Amino acid sequence: MPRRYWLMKVEPEAYTIEDLERDGRTSWEGVRNYQARNFMRDQMQVGDGVLFYASNASPSGVTGLATIARAGYPDRTAWTKGHTYFDEGSDKANPTWYMVDIAFEERFPEIVPLETLKGTKGLENMMVTKKGSRLSVQPVTKAEYDIVARLGRKRVPGGNR
DNA sequence: GCCAACGTTGGC
DNA sequence: GCCAACGTTGGC
């Protein structure tokens, strides 16, 4: 199966690329959206590329790269009473929610802000650049992934602003 | 903190 | 199955 590529959002208050660099690897529990769930459960494979996106940040943008380290498996936080991600309706025999693990790959020297993504040729069709795109797990093309990776690695004197 | 856009819920 | 109300996301 060819390598696929994804963009995964997280608020810096919850987790950052620095955290991932420190941890090396982390589990991505807590996704409670069916479309995102389907991507994690049905399509993500070990080795897939991930654009790590900081949402609700100033600015928001892609802060680094990761890879899928474990393909979709049931999100057991949905069964933990009292847990933030507890979901009464999730059946253990037929789990509603799935998670994956991701591994650190690279931290960009500077964030690639959403503004930059919006203004970069070749990224016009990226979901994240479109207004009202709330999906927290999005597929991206290899071409888009490569463009963003190149932007992230580019060192600009005085910073990438 | 505001608020537009979106996904989900629930009454009918 | 429609759709208004509601809660959440996320850019600004």
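The values are calculated or read from the model by the stated rules, or taken from the named source; none is laboratory data. Just so it is clear, the model here is predicted, and its values are computed rather than measured. Please note: Cβ atoms are built from the backbone with ideal geometry, for glycine as well, and neighbour counts cover all protein chains shown. Only protein heavy atoms, including side chains, enter the accessible area calculation; ligands, DNA and RNA are left aside. Shrake-Rupley method; radii C 1.70, N 1.55, O 1.52, S 1.80 Å.
Please work out which residue is least open to solvent (accessible area, probe 1.4 Å), limiting yourself to the range A:33-60 and to residues that are farther than 22 Å from A:Leu114 by Cα and of a type in the set (Phe, Trp, Tyr). Selected residue: A:Phe39. In the range A:13-32, of all residues being touching a strand residue (DSSP E or B) at 6+ places or on another chain (Cβ under 8 Å) and assigned to a loop (DSSP other than H, G, I, E, B), the one that is surrounded by the most Cβ atoms within 10 Å (Cβ to Cβ) corresponds to A:Trp28. Would you call A:Val112 at pLDDT 95 or above, closer than 21 Å to A:Ala36 by Cβ and in contact with a helix residue (DSSP H, G or I) (Cβ under 8 Å, 6 or more places away or on another chain)? Answer is no for this residue. Among the residues of the range A:1-12, count how many are of a type in the set (Lys, Arg) and either open to solvent by less than 30 Å² (accessible area, probe 1.4 Å) or not in a strand (DSSP E or B) (or both). Final tally of qualifying residues: 2. The conditions of being within 21 Å of A:Ile17 (Cα to Cα), within 16 Å of DNA strand B (Cβ to nearest atom) and of a type in the set (A, V, I, L, M, F, W, C) are met by A:Val128. Among the residues of the range A:46-73, those that are more than 16 Å from DNA strand B (Cβ to nearest atom) and either touching a Phe, Trp or Tyr at 6+ places or on another chain (Cβ under 6 Å) or in a loop (DSSP other than H, G, I, E, B) (or both) comprise A:Val46, A:Gly47, A:Asp48, A:Gly49, A:Val50, A:Val62, A:Thr63, A:Gly64, A:Ala66, A:Gly72.
Taking each residue of the range A:88-104 that is over 16 Å from A:Trp28 (Cβ atoms) and open to solvent by 40 Å² or more (accessible area, probe 1.4 Å) and looking for partners that are modelled with pLDDT under 90 and not β-branched (Val, Ile, Thr) with beta-carbon atoms closer than 8 Å, six or more apart or interchain, yields A:Lys92/A:Trp79. Picking from residues in the range A:118-141 that are touching an Asp or Glu at 6+ places or on another chain (Cβ under 9 Å) and open to solvent by less than 70 Å² (accessible area, probe 1.4 Å), the one that is nearest to DNA strand C (Cβ to nearest atom) is A:Met126. Taken as a whole, the condition of being of a type in the set (Gly, Ala, Ser) and at positive phi applies to A:Gly24. Among the residues making up the range A:71-87, a single one is small (Gly, Ala, Ser) and open to solvent by 60 Å² or more (accessible area, probe 1.4 Å): A:Gly82.
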